[in-house]
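J.: Before we start, here is the structure in question, set down as structure tokens.
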Amino acid sequence: MASERGKTMADIERKAKGRQKAFFKDEATDKILSSLLVLLSEHWTLKQRVLTLEKLLQSKGCFTPDELEEHEVDEQAKMEFEGMRQKLLADVFASLEQEYGESEIKDES
Amino acid sequence: MPLELQHQLNIKKTLDESSKLDFVASLRAFVLNDMANKMRSRYEDKVEPTFERKHKRKPESGTEVHKALMDEQYFQFYSSMRCTAQRMVWNSVIDPIERNYDSLSETATKLIDADNLDENQSLEIPRNVSALDVHLSPGGYSKEYNDHDITTGAIYDNGLAVFSFGMMGLNLDDIGMSMANYIRHTFPDFKPEKIVDFGCTVGHNTSALAKTWSDAEVTGIDVAAPLLRYAAARSKSQNLNVKYSQQDAEKTDFPDNSVDMVFSSMFLHELSAKVRKKVFKEAYRILKPGGLMLHMELPPADQLGAYDNFYLDWDSYYNNEPYYKGFRAENCQANCVEAGFAEEDYLQFTTPQYTYISDDEYQQKINQDDQDMDDKVGRLSNELSWYGFGAWKNNG
Ligand SMILES: C[S@@+](CC[C@H](N)C(=O)[O-])C[C@H]1O[C@@H](n2cnc3c(N)ncnc32)[C@H](O)[C@@H]1O
């Protein structure tokens, strides 16, 4: 569905103008910490999905905990999983692209 | 579950999207409550005594506290995590907005008409808005992706819901509700007929004014068109009669002596000192005699201790808020007087949150409270209260 006046939606900007300050002596620490938080968010997202899924399936009597352990997915699913792992890595290490330094704008009034 | 916006522009999130929103809100609550308390203890138990031994006195200003804390590892973790959490707030809402953009835009367009939105495409966007992505929000307030765009509005509304981790009410309007009801209870004879909200953003607090004084003609002004479009649709979908108009608060279209109340919240600290002075003068100009100028803001530095000043000014150092500290260093009463208000017509107060208690309880609370300034004023934490100040325009 294109928006009314014929213009389509541009990708929304994801980076704010301006630099991020580093707090640790070595800014690598800031980057790793930032990645850790993103990773934690990914971890929680996944965990919530799995827990929700298990609860749903068990409530419908679809499987027993043993069957879940034994199951193996097909080749196509394995390739999909690899794509998802690459995106996960890119998201977790997005902090490596973050510029650090002083903000350029100060209150000059 | 993340807070669902209480209007038609609410986005249906996927399970993963809502898990991420939940996570970021929890992370913010963890950093701003747990970690903030621990950082304060570290400061009191270790950093301050060290400073005192060296200088034979305690730190006297927020700046000194800040300097003393810089090498403290806990401060570094707190700050670094808070910065990342801030970026995550915006990023967590951009995905679902982008995914739903077309239908969101269509819903908004249907709700907007000439009665509730007045755009001015030739308005020059001031530098504090155009040159800066305040509080690290990508695109800031004014970036437009097309000529009827609402993106920055959607980012702000959804982002605020995560940012405030449930502390600003379901409608994100607790500031407006608390301010308006404080005035309603304290000055029961004051019945404003015409109200203007300066720097209204998505109209979340403007709506509170329209709810409190339902007969009043309420107008929200802002310089950023995508925010105003979103605001107009938001208010309309809540059946609130609010008009939005694209104007610069420095120089509005309202005639002299035409408005009963000029309101703003969290607005003044995003202006340079020079612009701020002009905005006060403009408020004075458009107010009727007997009218009220009312601002909700961060509490001024001279009313708080050194540590609390450091804590509130954190945003100025690290959250792309270059004017915040300068604003807090000013004297609010002197600003009002300089703009033409009489010294004795100045008022200031703190108010508890209105949203979570009944109207009766609220009234009791504001009558009892000695309304002290303390470390709970103006910061998102348990038992928070809001600071307000302003002045009546002299009748004579
Ligand atoms: C932090 S927001 C205000 C938030 C909102 N009032 C609230 O209660 O949460 C500041 C707003 O002021 C607007 N603004 C900045 N300078 C302005 C000016 N000179 N005139 C009108 N609006 C301005 C910005 O576009 C932005 O929407």
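J.: How large is ³J(HN,Hα) for each residue in region B:137-146, as worked out from phi by the Karplus curve 6.51 cos²θ - 1.76 cosθ + 1.60 (θ = phi - 60°), to whole Hz, x for Gly and Pro?
T.: Coupling constants for region B:137-146: 8, x, x, x, 8, 10, 5, 10, 8, 7 Hz.
J.: Another question about this same structure. Could you please report the charge total around A:F23, scoring K, R as +1 and D, E as -1 over all other residues with beta-carbon less than 12 angstrom from its beta-carbon?
T.: Local net charge: -1.
J.: Please list, in order along region B:193-200, the HN-Hα scalar couplings obtained from phi with the Karplus expression 6.51 cos²θ - 1.76 cosθ + 1.60 (θ = phi - 60°), rounded to whole Hz, x for Gly and Pro.
T.: 9, 10, 10, 10, 9, 7, x, 7
J.: So if we plug the beta-carbon distance of B:I125 and A:E70 into 1/(1 + (r/R0)^6) with R0 = 56 Å, what FRET efficiency do we get, rounded to 0.05?
T.: Working from the Cβ atoms, E equals 0.35.
J.: What whole-number distance in Å separates the alpha-carbon centres of region B:43-102 and region B:311-328?
T.: Region B:43-102 and region B:311-328 have Cα centres spaced 12 Å from each other.
J.: Within a Cβ distance under 12 Å of B:E338, other residues only, what is the Lys/Arg minus Asp/Glu net charge?
T.: Here the count lands on +2.
J.: Starting with the highest mean, order B:137-149, B:64-76 by the number of other Cβ atoms within 10 Å, averaged over the residues of each peptide.
T.: Per-residue Cβ counts within 10 Å, averaged per peptide and sorted highest first, yield B:137-149, B:64-76.
J.: Where the only charges are on Cβ atoms (+1 Lys, Arg; -1 Asp, Glu), what is the dipole of the protein assembly as shown about its Cα centre, to the nearest 20 debye?
T.: Computed charge dipole of the protein assembly as shown: roughly 720 debye.
J.: With +1 assigned to the C-beta of every Lys and Arg and -1 to the C-beta of every Asp and Glu, and no other charges, what is the dipole magnitude of chain B about the Cα centre in debye, to the nearest 20?
T.: Details: 42 positive and 62 negative charges, 171 e Å.
The dipole magnitude comes to about 820 debye.
J.: Please average, across the residues of A:15-27, the number of beta carbons from any other chain that are within 10 Å of each residue's own beta carbon, and give a whole number.
T.: Mean partner-chain Cβ count within 10 Å for A:15-27: 6.
J.: Take every residue in peptide B:77-86, count the Cβ atoms of other chains within 10 Å of its Cβ, and give the average of those counts.
T.: Going residue by residue through B:77-86 and averaging, the value is 6.
J.: A:L89: net charge of surrounding residues, Cβ under 14 Å, Lys/Arg +1, Asp/Glu -1, itself excluded? Could the numbers behind the result be given before it?
T.: Values: positive: A:R85, A:K87; negative: A:E42, A:E82, A:D91, A:E97.
It works out to a net charge of -2.
J.: Under 5 Å between amide hydrogens, which residues at least 5 positions from B:S385 or on another chain qualify, with H placed 1.01 Å from N in the peptide plane?
T.: B:V377, B:G378, B:R379
J.: For region B:147-164, just list the computed ³J(HN,Hα) in residue order, Karplus coefficients 6.51, -1.76 and 1.60, θ = phi - 60°, integers in Hz, with x standing in for Gly and Pro.
T.: For region B:147-164, the Karplus-derived couplings read 7, 10, 6, 10, 3, 5, x, 5, 5, 5, 5, 5, x, 4, 4, 7, 3, 8 Hz, x marking Gly and Pro.
J.: Given contacts defined as C-alpha pairs under 8 Å and at least six residues apart, what's the relative contact order of chain B, whole-number percent?
T.: 17 percent
J.: With Kirkwood's inverse mean 1/r over C-alpha pairs for Rh, give me the Rg to Rh ratio of region B:124-218, two decimals please.
T.: 1.03
J.: Which ordering of B:L136, B:L209 is given by a fewest-first count of other beta-carbon atoms within 10 Å?
T.: Placing the least packed residue first, the sequence is B:L136, B:L209.
J.: Pick out which of B:T14, B:T152, B:T63 has the largest mean-square fluctuation in a Gaussian network model of chain B, springs linking Cα atoms closer than 10 Å.
T.: B:T14
J.: Now for a separate question. Based on the alpha-carbon set only, what is the convex hull volume of region B:6-161 divided per residue, in Å³?
T.: 154 Å³
J.: Could you work out the mean count of beta carbons from other protein chains within 10 Å of each residue's beta carbon in B:100-113?
T.: Per residue, the number of nearby Cβ atoms from other chains is 2 on average.
J.: Quick check on the exposure proxy: order A:E80, B:E321, B:E282, A:E72 from fewest to most C-beta atoms within 10 angstrom.
T.: Listed from fewest to most nearby Cβ atoms, that is A:E72, A:E80, B:E282, B:E321.
The numbers here are math on the coordinates, done by the rules we state, and not lab data. As the structure is a prediction and not an experimental result, all values here were calculated from the model. Cβ: placed from backbone, ideal geometry, glycine included. Neighbour counts: every protein chain shown.
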